[in-house]
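For reference, the structure is listed below as structure tokens.
The values are calculated or read from the model by the stated rules, or taken from the named source; none is laboratory data. It should be emphasised that the depicted structure is a prediction, and the values quoted were computed from it without experimental measurement. Positions of Cβ are generated from backbone atoms using ideal geometry, with glycine treated the same way; all protein chains shown enter the neighbour counts.
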Amino acid sequence: MTLRRSLILFAFSLAVLTASVFGYRTGHALTDSSVGALEGGTSSTSASRPPIEVGPSDWLEIPVPDVEFATLDGGTARLSDYRGQVVILNFWGTWCPPCRVEIPHLIRAQESLAELGGTIIAPAVGSGSPENILSFATDYGINYPIWIVSDAVAVTKFAAPGYPFTMLIGPDGVIRRTYVGPQTEQNLLQDVGRLLAAGTGGQAGG
């Protein structure tokens, strides 16, 4: 084997390993074990089982878990408070490099989503005190609500496989899409448009 070929194979292996570590994936796939966890059922956690691929015209139908989140101002909030709106729920952390890459895309997506009567909500996982999170949000110019959540709740209630982990929630309070890894505003807003055009979950802002 030539040196050049060895270097190419090494680079490819490193890229695959990096993708596995950060959980990056641009498609809309939810593993069957995650579906089972969200629906409250039991399922295998075997990594060898194939994911359930969700196509452009197929939407998930998983009710949002009824969880109380802490807010940065010392209050509490629930996703049910946003019933009637399209919500992009983004689990992230200040310590998470891919999350930081994603933030500018979410800021731009929020500007467009707000015009549709929807919002991004970003529960911060393991990110320290509310003051530290607020300082981080100010530095990055974050323009959407930030809540606080533990890793245990993100995993057990929302089946988060890693971070960032994002959910598209319809106005009816039903999870319609999930995304593992950093997303672009184009990708997220495209799915929001498809969701509203399909009439799934009612009308935003209704």
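If I ask for residues that are touching a residue at least 40 places away in the same chain (Cβ under 8 Å) and either under 25 Å from Val155 (Cβ atoms) or of a type outside the set (D, E, K, R) (or both), which ones from region 108-131 would you list?
Passing the criteria: Ala109, Ser112, Leu113, Leu116, Gly117, Gly118, Ile121, Pro123, Pro130.
Please state which of the following conditions Leu134 fails to meet, knowing it meets all the rest: (1) at pLDDT below 95; (2) more than 20 Å from Ile62 (Cβ to Cβ).
Just one mismatch for Leu134, condition (1).
Could you check Ser150 against (1) free of Cβ contacts under 8 Å to residues at least 40 places away in the same chain; (2) of a type outside the set (D, E, K, R); (3) touching a helix residue (DSSP H, G or I) at 6+ places or on another chain (Cβ under 7 Å) and say which number it fails?
(3)
Anything in region 176-194 that is of a type in the set (Lys, Arg) and within 14 Å of Phe165 (Cβ to Cβ)? List them, or say none. If you could, list the steps in order and put the result at the bottom.
The initial filter retains those residues of region 176-194 that are of a type in the set (Lys, Arg), namely 176-177, 194.
Listed by number, the list holds a single entry, Arg177.
Only one residue in Gly170, Gly199 is under 17 Å from Glu115 (Cα atoms) and among the small types (Gly, Ala, Ser), so which one is that?
After applying the criteria, what remains is Gly170.
Residue under question is Ile62, and the condition is that it be surrounded by 12 or more Cβ atoms within 10 Å (Cβ to Cβ), at pLDDT 50 or above, of a type in the set (A, V, I, L, M) and touching an Asp or Glu at 6+ places or on another chain (Cβ under 7 Å); does it hold?
Taking the combined requirement at face value, the residue satisfies it.
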